[in-house]
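J.: Encoded as structure tokens, here's the structure I'll be asking about.
Rule-based calculations on the coordinates, nothing more; no lab input. Computed from a prediction, not measured in an experiment: that's the story for all the values here. Counting neighbours? That spans all protein chains shown, and the Cβs are built from the backbone with ideal geometry, glycine included.
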Amino acid sequence: MAASFKLTIITPEKTFFEGTIVSMVAPCELGYLGVLANHAPLAANTLAGKIRIKKDSGEWVTFYSKGKGFLEVFKNNVTLLLRCVGAQE
């Protein structure tokens, strides 16, 4: 089993997603950013676009960010602060 980490996606209205995942790819100002377990601490501005996560079960889930936001990676916890998130696939 791959190493996992916690992801929290927060919008002004609610906590949109909270769970344990094994990988994530999100659109940032300098291109798409991939995160795996034990990633170095990082803070980045995000852009509108597709956010893909892989759950512990191996299932891929896609969310759509509809605007700018902020991403923080610290001690196997990733937090995405987004203005608006679209439906998942």
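J.: Explain nothing, just the number: dipole magnitude of the chain about its Cα centre with +1 on each Lys and Arg Cβ and -1 on each Asp and Glu Cβ, in debye rounded to the nearest 20.
T.: I would put it at about 100 debye.
J.: Counting only DSSP beta bridges with both residues in the chain, what percent are antiparallel, rounded to the nearest 5?
T.: Numbers: 36 of 41 bridges.
Percentage antiparallel, nearest 5: 90.
J.: Right, next: Let me confirm the definition first: pairs of Lys residues in the chain, 8 or more apart or on different chains, C-alpha distance under 21 Å. How many are there?
T.: 14
J.: If you build the Cα gyration tensor of the stretch 5-76 and take the root of 5 times each eigenvalue, what three semi-axes come out, in whole angstrom, biggest first?
T.: 17, 15, 12
J.: Taking just the C-alpha trace of the stretch 43-89, give me its Rg and Dmax in Å.
T.: 11.2, 29
J.: Once fully extended, how much extra length lies between residue 43 and residue 84, figured as 0.36 nm per residue of separation less the alpha-carbon to alpha-carbon distance? Walk me through the numbers on the way to the answer.
T.: Numbers: separation 41, 0.36 × 41 = 14.76 nm, distance 1.91 nm.
So the extension gain works out to 12.8 nm.
J.: Can you tell me the length gained on complete extension of the stretch residue 59 to residue 72, counting 0.36 nm per residue apart and subtracting the Cα distance?
T.: Length difference between fully extended and current span is 2.4 nm.
J.: I would also like to ask the following. Over the stretch 19-89, calculate the relative contact order: mean separation of alpha carbon pairs under 8 Å at least 6 apart, over the residue count, as a percent.
T.: Once normalised by length, the contact order is 29 percent.
J.: Another question, then. Between the DSSP loop rule and a limit of at most 15 other Cβ atoms within 10 Å, which trypsin sites (Lys or Arg not before Pro) in the chain are left?
T.: Sparse-neighbourhood loop trypsin sites (Lys or Arg not before Pro): 14, 66, 68, 75, 83.
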